[in-house]
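Remarks on the structure that follows.
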Amino acid sequence: MYLRDRFRSIGISLDIPDLNQGDFSHLTIARQLRQIETEFLLNEAPVTLIGSSLGGLTAAWLGQKHPQIQRLVLLAPAFGFLCHWLPQLTAEQLLLWQASGYISVYHYGEKRSLPLHYKFVEDAHQYQEQQLWRPVPTLIFHGQHDEVIPITASRDYARLRPWVQLSELDSDHALGNVMADIWQAIQVFCEFRLS
């Protein structure tokens, strides 16, 4: 919402789709990709995508697939999230998730735990960032104290891709305390001409 208001203040509309689509429990990356593709593929205008966390990973995959996407701004993107997240579960928890179909997961936007279907993991295995090589100019913001996705995930991603700029910030996964700094950097990255 902060970025939407900042963009509005300079006369740029920022569309913010609900990637949960009212059904977080059956969320998959494939579903998010289809949803966003239907929103911007209707016209051929150049697109800058901004994504946070899992939305950042989704934005990176859209950038890989669609030449229309000319810039990416990623906030704490969920690169390698299965490698970071699944080991936090015990073998018993993982087996129970597979058997029952659902596990309770904390949803940062909702500020509460919600059930998530195991198809999320099955789907996510096909989206490995090692396959993302289209040189889309990319600006990544990542908190040095991120408790969800370690900053090393973004460091590793940026190190191998010269078209990626990584801004390491004194923040956590939410990046709430550095939004003014992020906005300033986005304006430079997107080359806004402010009068």
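A few remarks follow.
- Pairs, first on the phi > 0 side of the Ramachandran plot in region 90-103, second surrounded by 12 or more Cβ atoms within 10 Å (Cβ to Cβ) and hydroxyl-bearing (Ser, Thr, Tyr), C-beta under 6 Å, six or more apart: Gly101/Tyr118
- Subset of region 111-130 [touching a strand residue (DSSP E or B) at 6+ places or on another chain (Cβ under 6 Å) and among the aliphatic types (A, V, I, L, M)]: Leu114, Leu116
- Assessment of region 5-15 against the conditions (over 27 Å from Arg134 (Cβ atoms) and surrounded by 13 or more Cβ atoms within 10 Å (Cβ to Cβ)) yields at least one matching residue.
Yes/no per residue for (1) surrounded by 15 or more Cβ atoms within 10 Å (Cβ to Cβ); (2) aromatic (Phe, Trp, Tyr); (3) at pLDDT 95 or above:
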| position | (1), (2), (3) |
| --- | --- |
| Asp123 | yes, no, yes |
| Trp133 | no, yes, yes |
| Thr152 | no, no, yes |
| Tyr157 | yes, yes, yes |
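- Residue in region 75-119 that is modelled with the highest pLDDT, counting only those that are within 17 Å of Gly51 (Cβ to Cβ) and aromatic (Phe, Trp, Tyr): Phe79
- Residue satisfying all of: in region 158-177; part of a helix (DSSP H, G or I) and within 17 Å of the chain's Cα centre (by Cα); farthest from Gly11 (Cα to Cα) among these: Ala158
The values are calculated or read from the model by the stated rules, or taken from the named source; none is laboratory data. As the structure is a prediction and not an experimental result, all values here were calculated from the model. Virtual Cβ from ideal backbone geometry, glycine too; neighbours counted across all protein chains shown.
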